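Below you'll find the structure, written out as structure tokens, and then a few comments.
Only the coordinates and a few stated rules stand behind these numbers; no lab work does. Just so you know, these numbers come straight off a predicted model, no measurement behind them. Cβ atoms come from the backbone with ideal geometry, glycine included; neighbour counts cover every protein chain shown.
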There are 2 protein chains.
Amino acid sequence: MSKQTAKQKVIDAAQQLMTSRGYSATTVDEIVKLAGVAKGSFYHAFQSKEELAIAALEDYEEKGWALVSNGPYVEIDDPVERALAFVQFIEDKSADLWAHGCLLGSVSIEVAHSYPEVIQRIDELFDEFEDNLAAILTPALEARGITDITGKALSIHFLAVIEGSIITAKSHLNPSYLQQGIAHFKHYLELLLAVDKAM
Amino acid sequence: MSKQTAKQKVIDAAQQLMTSRGYSATTVDEIVKLAGVAKGSFYHAFQSKEELAIAALEDYEEKGWALVSNGPYVEIDDPVERALAFVQFIEDKSADLWAHGCLLGSVSIEVAHSYPEVIQRIDELFDEFEDNLAAILTPALEARGITDITGKALSIHFLAVIEGSIITAKSHLNPSYLQQGIAHFKHYLELLLAVDKAM
DNA sequence: TTGACTAGACCGACCAGTCGGTTTATAGTT
DNA sequence: AACTATAAACCGACTGGTCGGTCTAGTCAA
């Protein structure tokens, strides 16, 4: 807890602040204050604010996937049931995972043309996340013989639903819209996979 | 063209810059430079950058809805067909409408706790847009006797799909993801309304 | 004693916002 | 039509403060 390095404390603080405020609106002084670290330590660990942002993004994606890559759904053999249980698992965890936003989404919006290295890393990190999702969704589509929608394309859409629902939840100051958005995606998946439900 | 007031030129410039860069990363100097207007004129028209942002958001929502409120779909009598034609219309227009992002989405992410007046206005403007969407989606749901999903809830989800797809398109530097995201929503709507399609 | 790390005062560039003044548009008077 | 009066629109150099980033002086473990 208190043993973590200044570097990690800075990354944690940056993730927290940039998730809710974005990149530009988050100042280095705020980060070091929240991290409880001096500015010298910041610039010893990172060459620039931009380099910190990239490190924070990488750490965020890694930790984020670690939190959802092991759930009850992994025990399910049937690929369709497993995919649906996975989406349900994400829905259940969403309020905790993205309570104040998503770092990748928050940063991506404002760096498109100004910081090419950052947006390129975001591109790669989202791609990793989508591949992880696709590894769960693709077998379900294959089991139903669906070929006109790829697991990757559906994963990108799932990601869009999550990011977009974070925006509606934030804008309307109503966290439940996040869970509801994911529930709609789950419903879409059920209809796609033609799962019978008690009506 | 050249007859528009300094105020409107500032609003146009602010919409353009804040859509792609967000609120904090857009400076007043950049805005007045793009608008071809002096800084004094800016502060003659607006009391602050924040007041400009609110004016730009209001103008954006108004113009945005005006661009989609009149399409071929309005001629269709059947509510189900009209709703689907509307979503198709949005899909067709999406690349033009949100080529560089959505101002409301871009600004909403970074103002949650720092600028309560701005986020409150975004809340209201999104709500207006959702009500406009709901006026088209609700009759389709009613025509199919669907009561467990309200038109408003589906509209919020539609908005989330749009905003989220803007993020995936921006992050992956691939504009077609926006159109693809909306196509998924259209597919979801077709399945919900149980529309028969040639397979 | 050396080298990784911490500390915070300090720097110049840049930020939002100000201010005194000029130009332009409108309206009334003759 | 010509002149004056008034108000609003517009202008850009300027200001106080904040930004990301630097620098020198330490601390401490091996």
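Of note:
- Going from the residue with the fewest nearby Cβ atoms within 10 Å to the one with the most, A:156, B:182 rank B:182, A:156.
- Teacher prompt: residue A:194 distances to equivalent labels in other copies, 7 Å Cα→Cβ, nm: 1.5
- For the range A:126-132, the Karplus equation 6.51 cos²θ - 1.76 cosθ + 1.60, evaluated at θ = phi - 60°, returns couplings of 4, 4, 4, 4, 5, 5, 5 Hz by residue, with Gly and Pro reported as x.
- In chain B, the beta carbon lying closest to the axis that superposes B onto A belongs to the residue given here with its whole-angstrom distance, B:164, 1.
- Only Lys, Arg (+1) and Asp, Glu (-1) charged, at Cβ; chain A dipole about Cα centre in debye: 800 debye
- 3J(HN,Hα) from dihedral phi, the range A:95-110, Karplus parametrisation 6.51/-1.76/1.60, rounded to Hz, x for glycine, proline: 4, 7, 5, 10, 4, 10, x, 10, 4, 5, x, 4, 6, 4, 4, 9
- Cα centroid separation - the range A:97-167 against the range A:1-40, whole Å: 25 Å
- Subset of B:9/B:39; A:152/B:170; B:9/B:49; B:33/B:170 violating a 19 Å alpha-carbon distance limit: B:33/B:170
- Relative to the longest principal axis of the Cα atoms of chain B, helix B:6-21 runs at roughly 60 degrees.
- Computed from Cα positions, the angle between helix A:49-68 and the longest principal axis of chain A comes to roughly 30 degrees.
- Relative contact order (%) - the range B:1-130, alpha-carbon pairs under 8 angstrom, separation at least six: 32 percent
- Evaluated at q = 0.07, 0.08, 0.09, 0.13 Å⁻¹: base-10 log I(q)/I(0), Debye formula over Cα of the protein assembly as shown: -0.34, -0.44, -0.56, -1.12
- Cβ neighbours within 10 Å from other chains - mean over A:177-190: 4
- Where only DSSP H runs of four or more residues are counted, the protein assembly as shown gives -24000 deg cm²/dmol as its mean residue ellipticity at 222 nm, each run worth -39500 (n - 2.57).
- Sorted from closest to farthest, the other copies place their residue B:40 label points 4.8 nm away, with each point set 7 Å from Cα along Cα→Cβ.
- 13 Å Cα-Cα reach of residue A:7 towards aspartates and glutamates, excluding residues that sit fewer than 8 places from it in its own chain: A:51, A:59
- Helix B:176-192 axis, angle to chain B major axis (alpha carbon atoms, nearest 10°): 40 degrees
- Net charge of neighbours whose Cβ lies under 14 Å from the Cβ of residue B:135, counting Lys and Arg as +1 and Asp and Glu as -1: -3
- Per-residue Cβ neighbour rank within 10 angstrom, fewest leading, B:185, B:129, A:89: A:89, B:129, B:185
- With label points set 7 Å from Cα along Cα→Cβ, the inter-copy distances at residue B:89 are 4.3 nm, sorted shortest first.
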